[in-house]
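Trainee: One structure, as structure tokens, below. Some questions next.
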Amino acid sequence: MRQTPFRPVLSKVPVVLTSLLVTGVLALSACKGGGEAAANGKDDPKKKGPEAIPVEVAQASRRAVAASYAGTAPLEARAEAQVIAKVSGVALQVLVEEGQYVHAGQTLVRLDSARTALVAAQSAAQMRKLEANYARSRQLAEQKLMSANDIDQLRYDLENARAANNAANLELAYANVTAPISGVIASRSIKAGNFVQINTPIMRIVDVSRLEAVLNVPERELATLKAGLPVQLAVDALPGKSFTGKVDRVSPVVDSGSGTFRVVCAFADGNALRPGMFGRIRIDYDQRADALVVPRAALLEDEADPAVFVVRNKKSARVPVKLGYMDGEWAEVRSGIQQGEQVVIAGKAALRDGTEVQVIGQPGAKAESAAPATATAQR
């Protein structure tokens, strides 16, 4: 019987041991490298510091500011009149159209006045008759041929006839309807041939040469707003244009119900402005030529005391400030910050006192943001 030769397997043991030894060395090296990386804080995200908050800033600077009161009110014509027919009659002629400028006393409408002319002529004849009778009676009175009582009666009759004649002539004059004021015909409600009733409005005249706006101002402004102060006006119908005026008069009485008083602003530019336009009005009552200001966007909202965030050493610092005048988009700072300091105008909602910030738009910030990308590309 042939026996199979014995082949020991111990020859494979060194290979297995060698493989296990290499694997252990690599694992130890990996652990050591991981420990060093963790010690350096490069690959462990838990060891990273907080990321900087990107913000936009503006410098505190000096400029002229004005203290002002702003309000809104519709423009009104200072003078406006309804043209009313004082007598009845058929409109024979309508001499003006809507939009036409007329002068005070100008004839607008001519009414049929034939009957009124006859009444005036009749009263004139009666007056002349009594004038002649009164003249003869005075001669008779000088000759003692007429009593004083009869003379007085003739004089009273003559005065009555004169009054009647004047009334008839006045009615005749009313047949020509005239403009009570100078201005523009805003509306016309009759045409030639229409019958016009007495005391009926037939036209409306508006004086656009001077317009007014009435503001109801809180009583706390009573000591600051005076007549003669300059006024700036902007209207929605004419965007981009500004008009100047002045405070014409200030009511000395405060309404107890609303706690306001009336301020009337006058504007003389009648070429562009029209009654009924909605105006945004600003009254400047004080000015400072060299005031320290910051954008109003830098002021912290929902704060009991005014404050701003200032960037110092790449960190935000909440600084209380004392405010002065508010002029449009600018806020005057009386104390708290210095000229040239950077205040946060965008991104302040995510800030706290001491938060690390990254100012957007500065050359340093751009270089820092570009550095990690360069390092990554090199690796």
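Taken together, the values in this text are just the output of simple stated rules run on the coordinates, not laboratory data. This structure is a prediction, so every number in the text was calculated from the model and none was measured. All Cβ positions, even for glycine, are placed from backbone atoms using ideal geometry, and neighbour counts span all protein chains on display.
Trainee: Using θ = phi - 60° and the Karplus relation 6.51 cos²θ - 1.76 cosθ + 1.60, list the HN-Hα couplings for the stretch 288-300 in order, rounded to whole Hz, with x at every Gly or Pro.
Mentor: With coefficients 6.51, -1.76 and 1.60, one gets 10, 6, 9, 10, 7, 10, 9, x, 5, 5, 7, 6, 6 Hz.
Trainee: Taking H placed 1.01 Å from N in the peptide plane, check which residues at least 5 places from MET146 or on another chain put their amide H under 5 Å from its amide H.
Mentor: Hits under the 5 Å cutoff: ALA141.
Trainee: Relative to the compact globular guide of 2.2 N^0.38 Å, what is the alpha carbon radius of gyration of the stretch 278-317, as a ratio? Please list the in-between numbers first.
Mentor: Details: Rg = 15.5 Å, N = 40, 2.2 N^0.38 = 8.9 Å.
So the stretch 278-317 has a normalised radius of gyration of 1.74.
Trainee: Take the Cα atoms of the stretch 201-358, build their convex hull, and give its volume per residue in Å³.
Mentor: Value for the stretch 201-358: 187 Å³ per residue.
Trainee: Going through the stretch 63-145, which GluC sites (Glu not before Pro) have at most 16 other Cβ atoms within 10 Å and a DSSP loop state?
Mentor: GLU97, GLU98
Trainee: Which loop-located trypsin sites (Lys or Arg not before Pro) does the stretch 232-309 contain, where loop means any DSSP state but H, G, I, E or B and the Cβ has at most 16 other Cβ atoms within 10 Å?
Mentor: Listed in order of number, the matching sites are LYS241.
Trainee: What distance in nm lies between label points placed 7 Å from Cα along the C-beta direction at LYS191 and ALA173?
Mentor: Computed distance between label sites LYS191 and ALA173 equals 3.3 nm.
Trainee: Please compute the Kirkwood hydrodynamic radius over the stretch 279-368, one decimal place, Å, based on all pairs of different Cα atoms. Working shown, then result.
Mentor: Details: mean 1/r = 0.0690 Å⁻¹.
That comes to 14.5 Å for the stretch 279-368.
Trainee: Please give the length that would be gained between LEU222 and ASP236 if that part of the chain were fully extended, namely 0.36 nm times their separation in residues minus their C-alpha to C-alpha distance (nm, one decimal).
Mentor: 2.3 nm
Trainee: Moving on. Post the alpha-carbon centroid distance, the stretch 117-154 to the stretch 255-315, in whole angstrom.
Mentor: The distance from the Cα centre of the stretch 117-154 to that of the stretch 255-315 comes to 77 Å.
Trainee: Taking amide H positions as placed in the peptide plane 1.01 Å from N, state which residues far from GLN106 in sequence (5 or more) or on other chains have amide H under 5 Å from it.
Mentor: Close amide H contacts, sequence-distant or interchain: ALA179.
Trainee: So if R0 is 25 Å, what FRET efficiency would ALA163 and GLU80 give, r being the distance between their Cβ atoms, rounded to the nearest 0.05?
Mentor: It comes to 0.15.
Trainee: While we're here: Can you give me the three principal axis dimensions of the stretch 70-175 from its C-alpha atoms, in Å, biggest first?
Mentor: 82, 40, 19
Trainee: Another question about this same structure. Can you list the equivalent-ellipsoid semi-axes of the stretch 113-174, largest first and in whole Å, using the square root of 5 times each Cα gyration tensor eigenvalue? Present the calculation step by step, with values, prior to reporting the outcome.
Mentor: On the way: eigenvalues 179, 17, 7 Å².
Taking √(5λ) for each eigenvalue gives 30, 9, 6 Å, largest first.
Trainee: May I have the pair-distance distribution P(r) for the stretch 314-356, computed from all Cα-Cα distances with 5 Å bins from 0 and rounded to whole percent?
Mentor: With a bin width of 5 Å, the distribution comes to 5, 18, 27, 25, 18, 6, 1.
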